[in-house]
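Working notes, beginning with the structure itself.
The values are calculated or read from the model by the stated rules, or taken from the named source; none is laboratory data. None of the values given here were measured: they were computed from a predicted structure. Reconstructed Cβ throughout: ideal geometry from the backbone, glycine too, with neighbour counts over all protein chains shown.
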Amino acid sequence: MFIGIDDTDSPAGMCTTYLGAVLGERLREGGMEVVEMRLVRLNPNAPYKTRGNATVCIEARGDPERAFGIAAAAIDEFADLSCENTNPGLVVVEERPDPAFYWKAVRHFCSIEEACDLLEESAALYRGWKNGRGLIGATAGVASELPDRTWELLAYRRPECWGTRRAVERSSVFAAEAATYPHTWDSVDRQNGVVVCVPHTPDPVLYGIRGESAAWVQEAGSMIRAEEPERLTVWITNQGTDAHLIDGEIGTLLEGRSYRVRGRVAERASTGEGGHVRALLEDGDKHLACMAFEPTKGFREVVRGLVPGDTVLACGSCRHGALNLEKIRIDTLSEDTIYRPPLCPTCGSRMTSAGREKGYKCRKCGARAQEPETSLRPRSVQKGWFEVPPVARRHLSRPQVREGLDQRDTPLPLDPIETSIKER
Ligand code: ATP
C-alpha cells in the first residue's frame, strides 16, 4: 500500500517529512514492513506552500485500515492544526493512482475536488482535516513516479531542541562535502562560504544531505559533527531532477509554471534596485524578461555577460510574466561589437556624431564620414550551462554536478496534461 500525507506544518514549526519519519517507525512497530520512504516536491509556485512544497509517500506492506488509523493518530498528534494554513490530508491506497495527477501537481495546479475524484476512482481510504487541501499533495505523493531520482538523508532534532539554535559544526559539513562530492551536493556553497544543508526555520530538521544514492548521503552524514539527532531518515526523492520543467515557447508561458525555453538575447541585461538583473529574450516578435535575483549571487554575472544575438536555453519559473532563472545554457555566442566615432581620414582626430543617422563630422577640419569604427570586445561568458549557486538552488532543480547534464538536451518526460489544462 501507499500512504500519503501532506500539509501538516506551519511557519511556526513541524515538517511533514518529520511526521512521515515518525509514521514509518510506528508502522514498523505495528508489525508492518516499510518498503520505501519517498519525499516528493511539488510545484514550487503553489500558493499555499509553507516552505518547500514537500509531500511524503510511504510504501508499506500490511493492513491498509490499520495503517490509516496509525497515520491519522500521528497527524492528530503532530500536525500544527492551530495554524489557519495547515490543512492536512491523508491517503492510503493499495495501487498507485494515475501518475498524471503527480505530473500535474509538480508542474501545474490541482484542486481538492480533482484529488478526491481520483481517490474515489482508486478506492482509496482518505481523510482531509479542516479544508482538506493537503489531500492534493497526499494524492500527488501516492501517484508519483520517479523516472529520475536522488536521495536525501534528513537528520531530525530532539523535540526539546526545536526552535533553538542548531549546533552543527560548520567545518565538518565542508569536510563531508569535500569527501563525498560529486556524489553528494549542495550541503555547502563553497563559492559563497555558506552551509546550505542546515535550515534556520523552527522546524525539526537538523540537516539534510543530498546525493546520488542512499549510501553516499549516509557516508556524508556520518562525517557531520552536530547535536545528537533524534532520528535519521533516508528519503528517495524527485529533488534535483527538473521534474517541474515543461518545454515551453516564449509567448505561451503560463503563470506559476516552470519552463525550459529557447530564445535570442534581445538587449543587454540591466541591473535594478537591490541588485536584481533583468535580461530580455526574444523569439520572433515575442519577448520574455528573465530575472536573476540578488540571492543568485555570481550567476548574475553570467546574465550580465549576455549580448544581443546570443541564443540560450533558459530554465526557471514564470512569475509576474517574467522567467525567474534557475539555470541557463548558452548555445551560441554573438560578437560583442563596440561602435565609436571613427578617426578623421583627413586630419586624424577623433570625429563626433553629426546627429542621428547623419554620420560623423570632424570638429577640427570639417571632414565627414558615414561609418563608425568598430572593434570586438572579448566575451566574458562561454557556451555551456550556468546555474545559480547552491545557496539559491530550488529543491527540484537538477544541479549541473549530476552526471550527463552537459549532454542532456532530450525532451522532458511527456506532460500528459499539458494539452488539456485550462489557463488559470
Ligand atoms: P513542508 O515542506 O514542510 O511539507 P510545504 O512547503 O510542503 O511544507 P504545505 O504546508 O504542505 O507546504 O502546503 C502546500 C499545500 O499546497 C498543500 O495543502 C498541498 O496539498 C497544496 N499543493 C501542493 N501542490 C499543489 C498544486 N500543484 N496545486 C494546488 N495545491 C497544491
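What pairs can you find where one residue is in the stretch 200-214 and in contact (Cβ under 8 Å) with a residue 24 or more places away in the chain, the other is among the hydroxyl-bearing types (Ser, Thr, Tyr) and part of a loop (DSSP other than H, G, I, E, B), and their Cβ atoms are less than 6 Å apart, with a gap of 6+ or different chains?
Ile209/Ser187
Please specify each residue of the stretch 11-29 satisfying the condition of being farther than 15 Å from Glu77 by Cβ, within 16 Å of the ligand (Cβ to nearest atom) and surrounded by fewer than 20 Cβ atoms within 10 Å (Cβ to Cβ).
Pro11, Ala12
Can you tell me which condition Phe174 does not meet? The list is (1) more than 25 Å from Thr50 (Cβ to Cβ); (2) part of a loop (DSSP other than H, G, I, E, B), and all the others hold.
(2)
Looking at (1) among the β-branched types (Val, Ile, Thr); (2) part of a loop (DSSP other than H, G, I, E, B); (3) within 27 Å of Asn192 (Cα to Cα), which one does Ile328 not meet, given that it meets all the others?
(2)
Being within 30 Å of Asn192 (Cα to Cα) and in a strand (DSSP E or B), is that true of even one residue in the stretch 369-385?
Looking only at the stretch 369-385, we keep the residues that are within 30 Å of Asn192 (Cα to Cα), and these are 377-385.
From what is left, the residues that are in a strand (DSSP E or B) are 384-385.
Yes, the conditions are met somewhere in the stretch 369-385.
Within the stretch 148-164, track down each residue that is surrounded by fewer than 22 Cβ atoms within 10 Å (Cβ to Cβ) and of a type outside the set (Lys, Arg).
Just the residues of the stretch 148-164 that are surrounded by fewer than 22 Cβ atoms within 10 Å (Cβ to Cβ), to begin with: 148-149, 158-164.
Across the stretch 148-164, the qualifying residues are Asp148, Pro159, Glu160, Cys161, Trp162, Gly163, Thr164.
Out of the stretch 74-87, which residues are more than 8 Å from the ligand (Cβ to nearest atom) and touching a residue at least 24 places away in the same chain (Cβ under 8 Å)? Reasoning before the result, please.
Kept after step one, since they are more than 8 Å from the ligand (Cβ to nearest atom), are these residues of the stretch 74-87: 74-84.
Of everything in the stretch 74-87, those that are more than 8 Å from the ligand (Cβ to nearest atom) and touching a residue at least 24 places away in the same chain (Cβ under 8 Å) turn out to be Ala74, Ile75, Phe78, Ala79, Asp80, Leu81, Ser82, Cys83.
Residues of the stretch 39-58 being more than 7 Å from the ligand (Cβ to nearest atom) and not in a loop (DSSP other than H, G, I, E, B), which ones? Walk me through it before giving the result.
At the first step, the residues of the stretch 39-58 found to be more than 7 Å from the ligand (Cβ to nearest atom) are 39-41, 44-45, 47, 56-58.
Residues satisfying the conditions are Leu39, Val40, Arg41, Val56, Cys57, Ile58.
If you check every pair at least six apart or on different chains, which have Cβ atoms under 8 Å apart with a residue in the stretch 289-316 that is polar (S, T, N, Q) first and a residue that is assigned to a strand (DSSP E or B) second?
Thr296/Leu325; Thr311/Arg262; Thr311/Gly263; Thr311/Arg264; Thr311/Val265; Thr311/Ile330; Thr311/Asp331; Thr311/Thr332
So which of Gly256, Gly263, Gly275, Gly251 ends up being in contact (Cβ under 8 Å) with a residue 60 or more places away in the chain and either among the small types (Gly, Ala, Ser) or within 27 Å of Lys104 (Cα to Cα) (or both)? Quick ask: steps written out before the conclusion?
On the way: Gly263 fails: in contact (Cβ under 8 Å) with a residue 60 or more places away in the chain; Gly275 fails: in contact (Cβ under 8 Å) with a residue 60 or more places away in the chain; Gly251 fails: in contact (Cβ under 8 Å) with a residue 60 or more places away in the chain.
From the options Gly256, Gly263, Gly275, Gly251, the qualifying one is Gly256.
Consider the stretch 258-317. How many of its residues are surrounded by fewer than 16 Cβ atoms within 10 Å (Cβ to Cβ) and on the phi > 0 side of the Ramachandran plot?
Result for the stretch 258-317: 4.
State whether one or more residues within the stretch 55-74 are under 26 Å from Cys318 (Cβ atoms) and in contact with a helix residue (DSSP H, G or I) (Cβ under 8 Å, 6 or more places away or on another chain). Break it down stepwise before answering.
Taking the stretch 55-74 first, the residues under 26 Å from Cys318 (Cβ atoms) are 55.
Filter again for in contact with a helix residue (DSSP H, G or I) (Cβ under 8 Å, 6 or more places away or on another chain), leaving 55.
The answer is yes; a qualifying residue exists.
Being surrounded by fewer than 17 Cβ atoms within 10 Å (Cβ to Cβ) and either β-branched (Val, Ile, Thr) or touching a residue at least 60 places away in the same chain (Cβ under 8 Å) (or both) is the requirement here; does Asp189 meet it?
Details: surrounded by fewer than 17 Cβ atoms within 10 Å (Cβ to Cβ): no; either β-branched (Val, Ile, Thr) or touching a residue at least 60 places away in the same chain (Cβ under 8 Å) (or both): yes.
It is false that Asp189 is surrounded by fewer than 17 Cβ atoms within 10 Å (Cβ to Cβ) and either β-branched (Val, Ile, Thr) or touching a residue at least 60 places away in the same chain (Cβ under 8 Å) (or both).
Residue by residue, here is whether (1) surrounded by fewer than 23 Cβ atoms within 10 Å (Cβ to Cβ); (2) of a type outside the set (Ser, Thr, Tyr); (3) over 25 Å from Glu230 (Cβ atoms); (4) not assigned by TED's automatic domain parsing to the domain that holds Arg319 holds:
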residue: Gly31; (1), (2), (3), (4): yes, yes, no, yes
residue: Val35; (1), (2), (3), (4): yes, yes, no, yes
residue: Leu42; (1), (2), (3), (4): no, yes, yes, yes
residue: Arg51; (1), (2), (3), (4): yes, yes, no, yes
residue: Ala73; (1), (2), (3), (4): yes, yes, no, yes
residue: Glu84; (1), (2), (3), (4): yes, yes, yes, yes
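Restricting to the stretch 96-124, and then to whatever is exposed (fewer than 15 other Cβ atoms within 10 Å of the Cβ) and without any contact (Cβ under 8 Å) to a residue 40 or more places away in the chain, can you tell me which residue is nearest to Thr16 (Cα to Cα)?
Ser111
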